[in-house]
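Please read the structure below before turning to the comments.
The values are calculated or read from the model by the stated rules, or taken from the named source; none is laboratory data. As the structure is a computational prediction, the values presented were derived from the model and not from experiment. Using ideal geometry, Cβ is built from the backbone for each residue, glycine included, and neighbour counts are taken over all protein chains shown. The protein model used for the area step is the full one, side chains on, heavy atoms only, and it has no ligands, DNA or RNA in it. Shrake-Rupley method; radii C 1.70, N 1.55, O 1.52, S 1.80 Å.
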Amino acid sequence: MNDTVILFHGIARTKKSMEKLAGFLSGHGYRVVNVGYPSTRFSISDLVDIVRPEIDGAATAAGDGRLHFVGYSMGGLIIRAFLTRYRPANLGRVVMVGTPNNGSQIADFLKGWSLYRKVYGPAGQQLITDQTAMAKLFGTVDYELGIIAGNRTIDPVSSLVIGLRVPNDGKVSVESTRLDGAVAHIVIPANHTFLPVNRTMWRQTLSFLKDGRFTI
């Protein structure tokens, strides 16, 4: 197989958080590029330019193979912005995992807190549910996209903020993960924090990369 998968971690994480998924996909024949970036120091727009050289290199190395993208949480937003600005000619499929495509109520609640601003930086301020200012940055979905959402929460405070009757993964509601243009959407019993190491997520990601669909 000549296909390459590029992985993007979430905010305040490192590429180490995606290493187990990288090993799983490598074991199924994919060349994997696990991208690290300073997620809390720059805006999403700036982060796109920061990761571009590594992705351009991966696109060149892929030759006639396809270039797939998998993003966890904010990593999915980096992918959306990147593909709007620098879409590679050999783009394959895209998987977003727990990505707040319509923002997070948790970010709405915390955005004014000085500690939140310090820890999560400029990009953290862009995770709010009012995504009006982000429309041009993210563009529209005109590629093969599958979305995986979780619906298990272990934090009662977060559940209160999001809404007790609203299905969510403790950080992002299931509804917020949805995005017009996606060809597939699946909900799995997983918590946001542990999605990167969730084996059901791994298997569903592999299914979509291979066949363009999730398994039921």
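Hey, could you check segment 160-216 for residues that are of a type in the set (Gly, Ala, Ser) and part of a strand (DSSP E or B) and say which is nearest to residue 92 (Cα to Cα)? Taking the candidates together, the pick is 184. Taken over segment 56-70, the residue count meeting the criterion of being among the β-branched types (Val, Ile, Thr) and in contact with a helix residue (DSSP H, G or I) (Cβ under 7 Å, 6 or more places away or on another chain) is 1. Within segment 111-135, restricting attention to residues that are in contact (Cβ under 8 Å) with a residue 24 or more places away in the chain, in a helix (DSSP H, G or I) and open to solvent by 50 Å² or more (accessible area, probe 1.4 Å), which residue is farthest from residue 170 (Cα to Cα)? Among those residues, the one meeting the criterion is 122.
Okay, residues lined up against (1) under 14 Å from residue 21 (Cβ atoms); (2) open to solvent by less than 70 Å² (accessible area, probe 1.4 Å); (3) modelled with pLDDT of 95 or more; (4) out of contact with any His (no Cβ under 6 Å at 6 or more places or on another chain):
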site	(1), (2), (3), (4)
179	no, yes, yes, yes
203	yes, no, yes, yes
208	yes, yes, yes, yes
211	no, no, yes, yes
215	no, yes, no, yes
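Taken together, the residues in segment 71-103 that are open to solvent by 10 Å² or more (accessible area, probe 1.4 Å) and part of a loop (DSSP other than H, G, I, E, B) amount to 6.
Taken as a whole, the structure places residue 108 among residues that are surrounded by 15 or more Cβ atoms within 10 Å (Cβ to Cβ) and of a type in the set (Asp, Glu). Remark: pairs (first residue in segment 171-193, without any contact (Cβ under 8 Å) to a residue 40 or more places away in the chain; second residue of a type in the set (Gly, Ala, Ser) and assigned to a loop (DSSP other than H, G, I, E, B); Cβ separation under 9 Å; 6+ apart in sequence or on different chains) = 183/212; 184/212; 193/170.
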